[in-house]
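Encoded as C-alpha cells, the structure appears first; notes follow it.
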Amino acid sequence: RFSATGASITSRPNVTLRKHNHVDVTLSDMIGLGTITRKMAEFLTLASQANLSALVAGYPQVGKTTFLRAWMAAVPWEEKIVTIETERELYLNKLPHRHSQVSDFQYLPSTLAGSDLASSYSLEDAFRESLRASAQRILFGEIRGAEGPVALKAMQAGKGSISTIHARSSTDALHRFADVLMSEQGLADDLVPLRQILRSIDLVVYLDIIPNPDGTRRRIVTEIAEV
C-alpha cells in the first residue's frame, strides 16, 4: 500500500510503503512466529469450522491483516469467500492452493473532481454483489466508518464473517464498533448497536506487540474473548 504527502500538506515530502512479509501463511506459521500457541491454533481452527463471526482487533501495524489471512487458511478449500476492502491487502485470491473461489472487491467512494463526479463502487454495491454471488464467507479488511453497518449485515447474512478493527483491548473493540454504528446510524446512545453486536459477533481476537529482551519486538495474541 502506497501513501504520500507533500506541499502544502507537509513541510517536506513523505512517502510510506506498506509491504506484507507473510502472504502464504497459516496458523501453524503463526505458532512458529510465536504469535499464538498450539492450543490457540486448534481453537481458532474449530471456530472457523463452526462458522463463528469475529473481530480481529489491535493497534495499527500489529499484524491484524496477516493474522486474518492465516486464520482463513483453516477454512475448507472449496468455500466461496468475498473480501471487501478499500485497498486490496488480504490477498486470498493470490493463494489458489488454499482457496478455490475468492472475489476480492475494492470499493471506491465517489469523488468530486472539478465539475465531474467520478463513478463509484460503494460498500453497499460490494455487499449486494457478494450476496448475489452466494458468498459463504464475507471478510472486511477494516472497520473505520461506513464499513460498520455493512459488516454487521454480513455477519448476520453469512457465516463466519470476520473484520479487523483498531482497538486497545477486546472490550474496547466492541465499544469502538458500537461507536462506529452510532455515528453511521445517527444514534444518540449505544444500546441498539451493542445489542446488534451481541447478536452478531461470537469472538474477539486481540493482538499486541511486546518487546523482547534483545530489543526486538514480537506480535502476539493476548486475548481470545467470547462475546
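The values are calculated or read from the model by the stated rules, or taken from the named source; none is laboratory data. Since we're looking at a predicted model, the values are computed, not measured. Methodologically, a virtual Cβ is constructed for each residue, glycine included, from the backbone with ideal geometry; neighbour enumeration extends over all protein chains shown. Note: areas computed on protein heavy atoms with side chains; ligands, DNA, RNA excluded. Shrake-Rupley method; radii C 1.70, N 1.55, O 1.52, S 1.80 Å.
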Going through (1) open to solvent by 80 Å² or more (accessible area, probe 1.4 Å); (2) closer than 19 Å to Tyr206 by Cα; (3) in contact with a strand residue (DSSP E or B) (Cβ under 7 Å, 6 or more places away or on another chain) one by one, Thr35 fails only at (1)
Going by the structure shown, is Phe67 surrounded by fewer than 18 Cβ atoms within 10 Å (Cβ to Cβ) and either of a type in the set (Phe, Trp, Tyr) or under 28 Å from Ile210 (Cβ atoms) (or both)? no
If we keep only residues of region 95-109 that are hydroxyl-bearing (Ser, Thr, Tyr) and in a loop (DSSP other than H, G, I, E, B), then the residue modelled with the lowest pLDDT is Tyr107
Residue selected from region 1-33 under the condition hydroxyl-bearing (Ser, Thr, Tyr) and free of Cβ contacts under 8 Å to residues at least 12 places away in the same chain, by the criterion nearest to Arg219 (Cα to Cα): Thr5
Are there any strands (runs of 3 or more DSSP E) wholly within region 110-227 with 1 or more residues that are surrounded by fewer than 17 Cβ atoms within 10 Å (Cβ to Cβ) and more than 18 Å from the chain's Cα centre (by Cα), and if so which? 111-113, 116-118, 203-211, 217-226
From (1) crowded, with 24+ Cβ neighbours inside 10 Å; (2) farther than 15 Å from Ile143 by Cα, pick out the condition that doesn't hold for Gly58. (2)
Would region 11-31 turn up any residue that is in a loop (DSSP other than H, G, I, E, B) and touching a strand residue (DSSP E or B) at 6+ places or on another chain (Cβ under 6 Å)? no
